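What follows is a single structure, written as structure tokens, with notes after it.
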Amino acid sequence: MKSLLIGSSIALVFMMPACKKPVSGGSSIASGGAAVESGAATTAHGAAGGKAEGAEAGKGKVADRGSREELSKSLKSANAAFGKHDIEGTMKVLDEVPEEFRGDPGFLTLRGACYTEKRDFKAALEDFKEAAKKKPGDPSIRFNIAEMSFVTKDWDEAIKAFQVLQSQGAVKGTVGELVDFKLMLCEEGRGNDAEFERRAAENLKEADTLLAAYTKAAMEYRDGKADEAKATLADASAKFTDRGEVSPYYDTMVEFGYDPRK
């Protein structure tokens, strides 16, 4: 659940291991946890079924397997570049992927992540929606779609999408707490003070957590106490030293408009 983006989309690739492992049905898991379907060539045989036809089908399967392996290598290479925040390098690798494989969910998710880093949220959303068609039950892809609503400040749509993920048990633990934080800010964004206060009170119950610390800072920003908020965030930074855990909260604050750098 690492490999989080910096700056805009927060957890676009929280299920994106740069690996490949076999799964049932002849598919393989490439980057993004995407199943690259085998698509093995099949031949419709008559009653007799010729050896030549069988040989051609076998060649098709070998060629297809080789293509899938090349796709997996490309996605692994692109993931490595993305992990170094080399967005242009990632896009360069993805641009070399053959057109017939660009519908792969792993490809679409990673390209969407790059578009998000480039702040082309429209293109990112298109890729995430296409990935969702291929893997409709994938929580990381659905999170990405919800995140696009958040960064474009479509608060009602973001709330709906994050709550669906919660109701289906798709976000738990640290990611679940991050969603609670985002939902609180969504209520502030749409001017629902009562619901903001209710959610803030719930978040503050999670004592000694990033959720509580950033909730406190968000409340201070909302009340016009920027200096107090920055002090709260400085304390949190000293206490919570894992940048991979802190960055999603920090980036969420910045995207919302509470920017400690100002």
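The values are calculated or read from the model by the stated rules, or taken from the named source; none is laboratory data. This structure is a prediction, so every number in the text was calculated from the model and none was measured. Please note that ligands, DNA and RNA were not included when accessible areas were found on the heavy atoms of the full protein model with its side chains. Shrake-Rupley method; radii C 1.70, N 1.55, O 1.52, S 1.80 Å.
Laid out as a table, the results:
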{"quantity": "T116 - accessible surface, heavy atoms, 1.4 Å probe, Å² rounded to 10", "calculated": "0"}
{"quantity": "Rg/Rh for the stretch 78-149, where both radii come from Cα atoms and Rh is the Kirkwood radius", "calculated": "0.95"}
{"quantity": "Accessible surface, the stretch 158-262, averaged per residue in Å² (probe 1.4 Å)", "calculated": "47"}
{"quantity": "Percent carbon-and-sulfur accessible area, the stretch 151-203, ignoring ligands, DNA and RNA, probe 1.4 Å", "calculated": "44"}
{"quantity": "Kirkwood Rh and Cα Rg combined as Rg over Rh, evaluated for the stretch 65-217", "calculated": "1.05"}
{"quantity": "Span from the the stretch 185-262 Cα centroid across to the the stretch 154-175 one, whole angstrom", "calculated": "18"}
{"quantity": "Calculated over the stretch 98-140: convex hull of Cα atoms, volume per residue (Å³)", "calculated": "64"}
{"quantity": "Area of R68 that stays accessible when all protein chains are in place (1.4 Å probe, Å², to 10)", "calculated": "30"}
